[in-house]
Amino acid sequence: MQVSWRWVGRVRAALPGPVRRRPAAFGAGLGAVVLAGVAGICLWPGTGSGGELPTARVYRDVDACLLADSRGVAPGVPAAPVWAGMQEASRATRARVSFLSAMGPDTQANVVPYVNSLVQEHCSVVVAVGSAEVRAARSVAPHQKGVRFVVVGDGSESANVSVVKAGNAAQVREGVRGAVASLTGTS
């Protein structure tokens, strides 16, 4: 097979003077671009190995939101297994999950605006972990009948408040799954 290199000359002629005067630099640059393109194609996930490209997850119109203390969901804090359970529940129910850390003093009065923020953001399920967060969620729940609350700890359940034991991601997953199912009519 005969390869025509006339196009290289045409491309070089269209380039600015400094590049045109250094053909070795042009050749090296062209080689680098070609090499990067070949490497990109070979290393792209799912190509060359017969694998499938990942697909986007289609979520239900249900948001489950975690309210944690100022430590967030870092490993070793009480909210970490709760967050893990919520992520598992999301995979099972296709509900979107997110979390919000309450900043400032660890008091119910300080945390109530965070609970209200989650309600205003259309969270269908609000999961609270931490003593002030649980107390704040319980105080807001009677006024928000359309929202399911899952509190982590002890205490009694009410019309829209479920209780799960602390530290058990499987129980949290099932609690969130049950709350999402009650909102979507699924099991």
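Okay, here's what the table says:
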quantity	calculated
Residues that are open to solvent by 40 Å² or more (accessible area, probe 1.4 Å) and in contact with a helix residue (DSSP H, G or I) (Cβ under 6 Å, 6 or more places away or on another chain), drawn from segment 61-80	none
Pick from segment 151-173, criterion charged (D, E, K, R) and either open to solvent by less than 60 Å² (accessible area, probe 1.4 Å) or in contact with a helix residue (DSSP H, G or I) (Cβ under 8 Å, 6 or more places away or on another chain) (or both), ranking: nearest to V112 (Cα to Cα)	K165
Checklist (1) in contact (Cβ under 8 Å) with a residue 24 or more places away in the chain; (2) open to solvent by 30 Å² or more (accessible area, probe 1.4 Å); (3) farther than 25 Å from A56 by Cα; (4) part of a helix (DSSP H, G or I) applied to G104, failing item	(4)
Selection from segment 81-96 of residues that are within 16 Å of V151 (Cα to Cα), surrounded by 18 or more Cβ atoms within 10 Å (Cβ to Cβ) and in contact (Cβ under 8 Å) with a residue 60 or more places away in the chain	P81, V82, G85, M86, A89
Sole exception among (1) modelled with pLDDT of 95 or more; (2) not in a helix (DSSP H, G or I) for G46, by number	(1)
Filter pass, R148 being more than 22 Å from G72 (Cβ to Cβ) and surrounded by 20 or more Cβ atoms within 10 Å (Cβ to Cβ)	yes
Test result for G130, open to solvent by 40 Å² or more (accessible area, probe 1.4 Å) and more than 23 Å from D61 (Cα to Cα)	no
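The values are calculated or read from the model by the stated rules, or taken from the named source; none is laboratory data. Everything numeric in this text was worked out from a predicted model, so none of it was measured. Neighbour counts run over all protein chains shown; Cβ positions are idealised from the backbone, glycine included. SASA here: full protein model, heavy atoms, side chains in, ligands and nucleic acids out. Shrake-Rupley method; radii C 1.70, N 1.55, O 1.52, S 1.80 Å.
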